[in-house]
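The values are calculated or read from the model by the stated rules, or taken from the named source; none is laboratory data. Since the structure is predicted, the reported quantities are computational estimates derived from the model, not experimental observations. Every residue, glycine among them, receives a Cβ derived from its backbone with ideal geometry; neighbour counts consider all protein chains shown.
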Amino acid sequence: MKIAITGKGGAGKTTLAVYLSRYLADRGSKTYLLDADPDANSALALGLDADDQQPLPLTELKDLIRERTGSDSNYGNFFKLNPKVDDVPGDYSIDAGGVRLLRLGRVKKGGAGCMCPENAFLNSVLSHMFFADDAWVILDMEAGIEHLGRGTAQGVDIMLVVVEPGRRSIHTAHEAAALAKDIGVLNVGAVLNKIRGSEGEEIERLLEPVPVLARIPYSDAVAAADMGGECAYRGTKEQVSVIEELMGKLKELGDAPFEPDHSAG
């Protein structure tokens, strides 16, 4: 299954991506975590520190991009739109305790119509991984929703929107669900994060019709792990229970796709 995770900045996208990745890897599943956030911190969230080997962002592999796309040193007008990339996930990811971590990096030439060698290269890597049958792929997307309009998440099976308590986070979830439909992602659900007490019921009501698939309670231990540069996922009974509930809902959602309402939010 290929899962894209989005939401407002700071809502907990990377936390959920690490929870899912570690849960799957601990059970022997081949798992890739793709860090598509320009402010990449998945390595730290997995427990790697500054002294550990870090994967280079793919967009910084200039020589490889020129070689594979056939572009010249000035990125001329002619280059391959579908370069060879089947070896990239294995060669340019690192093993973080069973999770293969791959950083995508930032395409510096902005605009919805950008088609530069870096973008062609990244699109080919994503397409290759999304259509590979032998691995789980978790895509930790950049904050917000603007990037969805560029079709970054095309090809994923499920899009999860992480929602923390707050109206801005709920508004972002509604907009993300509507835009997901525009790029062909019909399976969309929300995961509530940092939930205290009974506040989850009110958030679920405000999120309708976006279905809530799981709730992650607020945890001082998770905050402490972040401060200490440790992996927040410890495989505790509570964490496993949340992810197992989510996995069950993902299957249900795949059987009955949610059709976002563009007027929501």
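Does the stretch 40-57 contain any residue that is modelled with pLDDT of 90 or more and surrounded by 18 or more Cβ atoms within 10 Å (Cβ to Cβ)? Step through it out loud before you land on a result.
Start the filter on the stretch 40-57 by keeping residues that are modelled with pLDDT of 90 or more, which leaves none.
Checking the stretch 40-57: not a single residue is modelled with pLDDT of 90 or more and surrounded by 18 or more Cβ atoms within 10 Å (Cβ to Cβ).
Looking at G184, G189, which one is at positive phi and not hydrophobic (A, V, I, L, M, F, W, C)? Steps first, answer last, please.
Numbers: G189 fails: at positive phi.
Sole residue among the options that is at positive phi and not hydrophobic (A, V, I, L, M, F, W, C): G184.
Looking at V185, is it within 27 Å of P217 (Cα to Cα) and not aromatic (F, W, Y)? I'd like the intermediate steps shown before the answer.
Numbers: within 27 Å of P217 (Cα to Cα): no; not aromatic (F, W, Y): yes.
The answer is no for V185.
Are there any pairs, at least 6 apart or on different chains, whose C-beta atoms fall under 6 Å, with the first in the stretch 1-27 and closer than 16 Å to G97 by Cα and the second acidic (D, E) and not in a helix (DSSP H, G or I), and if so, which?
A17/D140
Criterion first (at pLDDT 90 or above, surrounded by fewer than 19 Cβ atoms within 10 Å (Cβ to Cβ), hydroxyl-bearing (S, T, Y) and under 24 Å from M247 (Cβ atoms)) does S29 satisfy it?
Working: at pLDDT 90 or above: yes; surrounded by fewer than 19 Cβ atoms within 10 Å (Cβ to Cβ): yes; hydroxyl-bearing (S, T, Y): yes; under 24 Å from M247 (Cβ atoms): yes.
The answer is yes for S29.
Working only within the stretch 1-26, note down all residues that are more than 15 Å from I243 (Cα to Cα) and either touching an Asp or Glu at 6+ places or on another chain (Cβ under 6 Å) or assigned to a strand (DSSP E or B) (or both).
Narrowing the stretch 1-26 to residues more than 15 Å from I243 (Cα to Cα): 2, 4, 6-11.
Within the stretch 1-26, K2, A4, T6, G7, A11 meet the criteria.
Could you list all residues from the stretch 196-240 that are β-branched (V, I, T), buried (at least 17 other Cβ atoms within 10 Å of the Cβ) and farther than 12 Å from I170 by Cα? Please lay out each step first, then the result.
Step one: filter the stretch 196-240 for residues β-branched (V, I, T), giving 203, 210, 212, 216, 222, 236, 240.
Applying the additional criterion that residues be buried (at least 17 other Cβ atoms within 10 Å of the Cβ) yields 203, 210, 212, 216, 222.
Within the stretch 196-240, I216, V222 qualify.
When you look at T172, is it of a type in the set (V, I, T) and free of Cβ contacts under 8 Å to residues at least 24 places away in the same chain, yes or no? I'd like the intermediate steps shown before the answer.
Working: of a type in the set (V, I, T): yes; free of Cβ contacts under 8 Å to residues at least 24 places away in the same chain: no.
Criteria not met by T172.
Take G76 and tell me if it is of a type in the set (G, A, S), modelled with pLDDT under 90 and under 24 Å from D26 (Cβ atoms). Let's see the steps before the verdict.
Values: of a type in the set (G, A, S): yes; modelled with pLDDT under 90: yes; under 24 Å from D26 (Cβ atoms): no.
Criteria not met by G76.
Applying the selection to the stretch 192-201, what residues are on the phi > 0 side of the Ramachandran plot and in contact (Cβ under 8 Å) with a residue 24 or more places away in the chain?
Restricting attention to the stretch 192-201, the residues satisfying the condition of being on the phi > 0 side of the Ramachandran plot are 194, 197.
Hit for the stretch 192-201 is K194, nothing else.
Which residue pairs have Cβ atoms closer than 6 Å, lie 6 or more positions apart in sequence or on different chains, and pair a first residue in the stretch 82-95 that is under 15 Å from L34 (Cβ atoms) and modelled with pLDDT of 90 or more with a second residue that is loosely packed, with under 12 Cβ neighbours inside 10 Å and not basic (K, R)?
From residues that are under 15 Å from L34 (Cβ atoms) and modelled with pLDDT of 90 or more, the pairs are I94/Q53.
Report, by residue number, each residue of the stretch 96-116 that is at pLDDT 85 or above and buried (at least 18 other Cβ atoms within 10 Å of the Cβ). First the steps, then the outcome.
First, the residues of the stretch 96-116 that are at pLDDT 85 or above: 96-104.
Passing the criteria: A96, V99, R100, L101, L102, R103, L104.
Give just the number: which of (1) more than 15 Å from V162 (Cα to Cα); (2) buried (at least 17 other Cβ atoms within 10 Å of the Cβ) does V188 not satisfy?
With (1) more than 15 Å from V162 (Cα to Cα); (2) buried (at least 17 other Cβ atoms within 10 Å of the Cβ) applied to V188, the lone miss is (1).
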